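The values are calculated or read from the model by the stated rules, or taken from the named source; none is laboratory data. Quick caveat, the model's predicted, so the values are computed rather than measured. So basically every Cβ, Gly included, is an ideal-geometry build from the backbone, and we count neighbours across all protein chains shown.
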C-alpha cells in the first residue's frame, strides 16, 4: 500500500485515478495552484502522479520542483502529448515513467505499482549499500571448505580487473550473490550494478530488455525504452543463464564485447558501452558449442576469467554456518526470535544432498521458520524433498512434505479470515512482515473476491 499525490485538475481523470487506486492506495489530489511544497513537507506520500498539462507555464516546472523537494520519490508523468521530445525530457528530468492519455485505470495502476515496487527495491539496495562492507566483504563470505576458499581467492583477484568473467556451476550455488561481491569490491563499485536473468524473459522481448528500443520499433513500443546495458553504463551487468541466449542475440552481445557499442531496437544511433560483463551459466557451454547452440567466438570472449562454484554437497563444511546465517536473515524478515536448530536438524542438513543448493536451503529454512512455534527449529518443521544420504547409502525423506505445506497454507488462511482478509492485519497476527505474507499468498495461489488483484 502506498500513499499517492496526484496533480490533476480534470474531473474525468480524477475519477479514473480514484477507480484505479482506492481503497488499496490512499489517494490525494492537488490542483496546479496548490502549495506543492507545503503538501510534500506536511504529509507523507510514496509517489506523485503529475499531469504535464495541469502545470501552468513550463510543464516541467512541477516535476523539477518535486525532484528538488523529494529526490527519491518516484514520479509518474501523464500527458495528452506523446511526442518523443516530451517523453525523453520527462525521463531526463527524473520521471520514473510516462503514461499517455487516454489511459485506463489498469494501465496507470500498472505504472504506479511498478514504480512503488522499484522504490521498495531501492530502499533495500540502499540498506545493502549501507551494510555493504559486511555483506560484500570477501573475508566475511561463508567459505569453510577448501574449494570455496580457492574460489574466494580467485574472485578477489578478478575484482581488481575489468576483464569479463564467466561463472559456472549448478543452479542455486550463489553465482548471483558473488557477482555482486565482485562489483562492490572493484573500482566500479559506485556505478550501477544491473542483473538480468536471460532465461526468465521471452526471446521476443529479451533484445529490447538488453539494448532498449525506440518508439514504434514494434507493435506495442509506444515509448522509448532504455535497456539494461544503458542502465549499467560505467558499472557492471550480470548476465545470468547466458547459455539460454538465442544465436542472433549472441551475435549482438559479441559485438558489444568487441566494439563496446550497440543500437537500440528500431534505432540507428550507435550507443557507446562502458560496462563490465559478468556472465553465469549452469550449462556446459563447450557441449552447447558442439551442438551448434552457442557461438564459439562468444565463448572465448566471455571466458577470459573463469570460476566454477562447487555445489553445496561438495562443500559440506559450509552447510552449518550457511544454515545459521540464512536463519538469522529470515528471522529479521519475519520478525521472529529463533535461536538455532535442533542437533538432529543439523545432522539431517549435513547428510542431505541439497540438489537445489543454497537456494533450496534458504527456502527450506524460511518455511521452517514460519511453521516453528518454539525457539529452536525442530525436525517437525523441516521438509526435505527427494532423498537424504546417510554415509554411503540413501534413505527416503520421511513422508510429510505435503502435510506441512497444507498446514502452512491453512495457518495463513485462518489468519486472513480472522483479519477479514486485510493482509497487513493478518501479517501482524502471524508475526511476519506484510511482504513475507504477500510472498506466501502468491506462492499458495490464495485469492479473495474482495481483493482487486493478488499483490
- Message: If the requirement is being in a loop (DSSP other than H, G, I, E, B) and within 22 Å of the chain's Cα centre (by Cα), which of these qualifies: 189, 223?
- Response: 189
- Reported set for region 201-218 where residues are without any contact (Cβ under 8 Å) to a residue 12 or more places away in the chain and assigned to a loop (DSSP other than H, G, I, E, B) is 201, 202
- Taking residue 305, is it at negative phi, touching a helix residue (DSSP H, G or I) at 6+ places or on another chain (Cβ under 6 Å) and surrounded by fewer than 20 Cβ atoms within 10 Å (Cβ to Cβ)? yes
- Query: Taking into account only those residues within region 235-249 that are closer than 28 Å to residue 88 by Cβ and under 18 Å from the mean Cα position of the chain (by Cα), which is surrounded by the fewest Cβ atoms within 10 Å (Cβ to Cβ)?
  - Reply: 235
- Residue count for region 49-89, restricted to those that are touching a residue at least 40 places away in the same chain (Cβ under 8 Å), surrounded by fewer than 12 Cβ atoms within 10 Å (Cβ to Cβ) and not in a loop (DSSP other than H, G, I, E, B): 0
- Among the numbered conditions (1) surrounded by fewer than 15 Cβ atoms within 10 Å (Cβ to Cβ); (2) closer than 24 Å to residue 88 by Cβ, tell me where residue 252 comes up short. (1)
- Taking only region 132-161 into account, find how many residues are farther than 26 Å from residue 320 by Cβ and loosely packed, with under 14 Cβ neighbours inside 10 Å. 2
- Message: Looking at region 93-116 only, could you name the residues that are in contact (Cβ under 8 Å) with a residue 40 or more places away in the chain, in contact with a strand residue (DSSP E or B) (Cβ under 8 Å, 6 or more places away or on another chain) and not in a loop (DSSP other than H, G, I, E, B)?
- Response: 98, 100, 108, 112, 115, 116
- Query: residue 59 passes all but one of (1) in contact with a helix residue (DSSP H, G or I) (Cβ under 8 Å, 6 or more places away or on another chain); (2) at pLDDT below 75; (3) more than 27 Å from residue 216 (Cα to Cα); which number fails?
  - Reply: (3)
- Out of all the residues in region 382-393, which are at pLDDT below 90 and crowded, with 16+ Cβ neighbours inside 10 Å? 383, 384, 388
- Task: Could you tell me which of the residues 323, 362, 368 is over 23 Å from the mean Cα position of the chain (by Cα), crowded, with 17+ Cβ neighbours inside 10 Å and under 22 Å from residue 408 (Cα atoms)?
- Result: 368
- Taking region 71-98 only, how many residues are more than 21 Å from residue 9 (Cβ to Cβ) and out of contact with any helix residue (DSSP H, G or I) (no Cβ under 6 Å at 6 or more places or on another chain)? 10
- Item | Any hit, region 355-370, residues being at pLDDT 90 or above and either outside the structural domain of residue 330 (by TED's automatic domain parsing) or in a loop (DSSP other than H, G, I, E, B) (or both) | yes
- Note on the structure: Scanning region 328-351 residue by residue, those assigned to a helix (DSSP H, G or I), under 25 Å from residue 424 (Cβ atoms) and in contact (Cβ under 8 Å) with a residue 40 or more places away in the chain turn out to be 333, 334
- Note on the structure: Okay, strands (runs of 3 or more DSSP E) sitting entirely in region 259-298 with 1 or more residues that are free of Cβ contacts under 8 Å to residues at least 12 places away in the same chain, I get 270-272
- So which of 221, 232 ends up being over 27 Å from residue 315 (Cα atoms), free of Cβ contacts under 8 Å to residues at least 60 places away in the same chain and buried (at least 20 other Cβ atoms within 10 Å of the Cβ)? 232
- Would you mind finding the one in 195, 191, 175, 157 that is more than 25 Å from residue 314 (Cβ to Cβ) and modelled with pLDDT of 90 or more? 195
